[in-house]
Amino acid sequence: MIGMIILGFLAVIILYLWGTYNGLVTAKTRVEESWSGIDVQLKRRASLIPNLVETVKGYAAHEKEIFENVSRARSALVNASTPQEKAQADNALSGTLKTLFAVAENYPQLKANENFKKLQDELADVEDKIAYARQFYNTNVMEYNIKLKVFPSVIVANAFGFKPEEFFEAEEEERKDIKVSFKE
């Protein structure tokens with residue numbers, strides 16, 4: 001009888017450990033999947049940049065420094081690997097894009113260019129998707145990190161080496177929307 005009680009107790013503990021471990025793995029996988037959503041949109045945005053730069057270059061060829069800055073920022077984004085590095089590179093790219101659009105403001109014929117308008121619309125769409133992907137990622141990170149901290153799952157998390165994830169955060173200046181439309 002006592003043997004059955006001990007076996008039952010061990011079975012409950014094993015089932016609890018199994019369920020908790022699987023819950024942590026599921027939460028970690030959701031974080032990774034949601035990170036890939038950000039990554040896809042950042043890559044899409046990065047692929048739009050050369051087209052945008054080429055379009056603007058045709059009208060503002062003497063703005064060489066701006067084009068170089070945009071190119072460097074884009075390369076940094078493409079080469080970043082961690083969420084923190086990508087967030088920093090994304091913030092830098094956002095800043096250089098603001099400068100590029102400010103330059104474009106001085107060229108009325110560029111603002112009227114159909115390719116420029118299309119790229120502008122695509123970039124606005126990507127920015128919306130990046131914002132959504134960041135929110136989705138951060139929600140998953142929050143839920144995962146909570147699971148790592150609450151008792152008794154913290155014991156399982158520590159035993160199996162689960163580590164907290166970083167939120168995808170924008171710098172204070174970059175928390176503002178990127179303006180991609182121009183006054184006509």
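The table below gives the values:
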{"item": "Above-threshold pairs, the threshold being 24 Å between Cα atoms, out of Lys86/Lys117; Lys43/Lys147; Lys28/Lys98; Lys86/Lys129; Lys64/Lys129; Lys86/Lys149", "result": "Lys86/Lys117; Lys43/Lys147; Lys28/Lys98; Lys64/Lys129; Lys86/Lys149"}
{"item": "Hydrodynamic radius by Kirkwood, which averages 1/r over all alpha carbon pairs of the stretch 1-55, in angstrom", "result": "15.1"}
{"item": "Note, ³J(HN,Hα) from phi for the stretch 113-130, Karplus 6.51, -1.76, 1.60, rounded to Hz, x at Gly and Pro", "result": "5, 5, 4, 5, 4, 5, 4, 4, 5, 5, 5, 4, 4, 5, 4, 4, 5, 5"}
{"item": "Extended-chain gain in nm, criterion 0.36 nm per residue less alpha-carbon gap, Gln109 and Ser36", "result": "22.5 nm"}
{"item": "Residues of the stretch 145-162 with amide N under 16 Å of the 7 Å Cα→Cβ point at Leu17", "result": "152-162"}
{"item": "Of [x] 1.23; [y] 0.95; [z] 1.05, the label for Rg/Rh (Cα atoms, Kirkwood Rh) derived from the coordinates", "result": "[x]"}
{"item": "Cα shape, the stretch 84-130, gyration tensor, a/c 1.5 rule", "result": "oblate"}
{"item": "Rounded to whole Hz, the Karplus (6.51, -1.76, 1.60) HN-Hα couplings of the stretch 94-106, x for glycine and proline", "result": "4, x, 5, 5, 4, 5, 4, 5, 5, 5, 4, 4, 7"}
{"item": "Extended-chain gain in nm, criterion 0.36 nm per residue less alpha-carbon gap, Gln84 and Ser47", "result": "11.3 nm"}
{"item": "FRET efficiency for Thr99 and Thr29, using Cβ-Cβ distance with R0 set to 35 Å, rounded to 0.05", "result": "0.35"}
{"item": "Per-residue HN-Hα couplings for the stretch 159-164 [Karplus 6.51, -1.76, 1.60; θ = phi - 60°; Hz; x = Gly/Pro]", "result": "4, 9, x, 6, 10, x"}
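The numbers here are math on the coordinates, done by the rules we state, and not lab data. Bear in mind that the values here come from a model prediction, so they are computed numbers and not experimental data. FYI the Cβ positions are ideal-geometry reconstructions off the backbone, even for glycines, and counts take in every protein chain you see.
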